[in-house]
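Note sheet for the following structure.
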Amino acid sequence: MEFTFLEFLRYDFPSVLLVCGLVVLMLTNRKNKLPAVFTLWIMTIIMILSLFVEFVCKWSENDPSLADIRYLTTIIKYLIPPTILMMQIMVLVENKVMRWLLVIPNLISALAVTVGPGVTGLTVLSFSKEYYFVEGPLRAFPFCVSLFYLFVLVIASLRYFYDVTSGYNTIIMYLAVTTVISCMLEYFGIVSGIVKYVQIVDIYLYYFFLNFVYQARIREESLKKELALTQK
């Protein structure tokens, strides 16, 4: 049976709903000059791309003649998680040099997944004669890069939110731990399809955190101006 868009909505309606809600939220509050809002928009666009890739992958999975399309979309699915984590760190890092350095691990991971099989002979994934999905030795590469980004994300988050409250640091730690757990569970095949939900929720929470920090700084600047006027 052909996999239609309606079938996709039945299959993955929660993630579609979450991404649409994120777009509406950011469009509604576009006048707020949040820090790193451009990076947040890129993350949102990547998640929209992720939904499209998921649909194409499901659409092609039962047709052996579409093996190349399924292979390409599955490769993209491998590249998205470390890219989202990299973008989350860039939200918190203001130094341009550090931002460029953060791209290097993800670039190496992308080369390993796309060019690596042709150079080393080691595959990320393949399909058997019966069209079954088979993961190769390079499967672990994007996962290892994701773990590296998670570690950096924890450090960057704690430094960024250090001057807010310890409660928000706890939430950041919770986000990092749940992301690590979901990545581990999906990597070892215990569960499937949960990492994207965690990533979408992370984008939501980072948006609210940055909005909170922005509003707090605006109030602080306003109070300083009022105090200066009062002293005069």
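Within the stretch 94-140, being within 24 Å of the chain's Cα centre (by Cα), in a helix (DSSP H, G or I), modelled with pLDDT under 80 and not charged (D, E, K, R) holds for 116, 137, 138, 140. Is it fair to say residue 74 is touching a strand residue (DSSP E or B) at 6+ places or on another chain (Cβ under 7 Å) and either at pLDDT 80 or above or within 30 Å of residue 208 (Cβ to Cβ) (or both)? So residue 74 passes the test.
Looking only at the stretch 90-127, residues that are among the aliphatic types (A, V, I, L, M), surrounded by fewer than 21 Cβ atoms within 10 Å (Cβ to Cβ) and touching a residue at least 60 places away in the same chain (Cβ under 8 Å) come to 1 in all. Note on the stretch 191-218: among residues that are of a type in the set (D, E, K, R) and either touching a helix residue (DSSP H, G or I) at 6+ places or on another chain (Cβ under 9 Å) or assigned to a loop (DSSP other than H, G, I, E, B) (or both), the one that is nearest to residue 153 (Cα to Cα) is 202.
Taking residues in the stretch 204-232 that are on the phi < 0 side of the Ramachandran plot and hydrophobic (A, V, I, L, M, F, W, C), and partners anywhere that are surrounded by fewer than 10 Cβ atoms within 10 Å (Cβ to Cβ) and assigned to a helix (DSSP H, G or I), not one pair has Cβ atoms closer than 9 Å while being at least 6 places apart or on different chains.
May I ask you to verify whether residue 38 is assigned to a helix (DSSP H, G or I), closer than 30 Å to residue 127 by Cβ and out of contact with any Leu (no Cβ under 6 Å at 6 or more places or on another chain)? Outline the logic, then answer.
Details: assigned to a helix (DSSP H, G or I): yes; closer than 30 Å to residue 127 by Cβ: no; out of contact with any Leu (no Cβ under 6 Å at 6 or more places or on another chain): yes.
No; evaluated as a whole, the condition is false for this residue.
Of 39, 4, 28, all but one fail to be crowded, with 17+ Cβ neighbours inside 10 Å and of a type in the set (Ser, Thr, Tyr); the exception is 39.
Just a yes or no: is a residue in the stretch 68-87 over 15 Å from the mean Cα position of the chain (by Cα) and touching a residue at least 60 places away in the same chain (Cβ under 8 Å)? Working first, answer last.
Taking the stretch 68-87 as the starting set, the residues that turn out to be over 15 Å from the mean Cα position of the chain (by Cα) are 68-75.
Imposing the further condition that a residue be touching a residue at least 60 places away in the same chain (Cβ under 8 Å) reduces the set to none.
Scanning the stretch 68-87, I find no residue that is over 15 Å from the mean Cα position of the chain (by Cα) and touching a residue at least 60 places away in the same chain (Cβ under 8 Å), so the answer is no.
Could you please let me know if residue 194 is under 19 Å from the mean Cα position of the chain (by Cα), under 27 Å from residue 24 (Cβ atoms) and either at pLDDT below 70 or surrounded by 17 or more Cβ atoms within 10 Å (Cβ to Cβ) (or both)? Criteria not met by residue 194.
The values are calculated or read from the model by the stated rules, or taken from the named source; none is laboratory data. Quick caveat, the model's predicted, so the values are computed rather than measured. We place every Cβ from the backbone using ideal geometry, glycine too, and count neighbours over all the protein chains shown.
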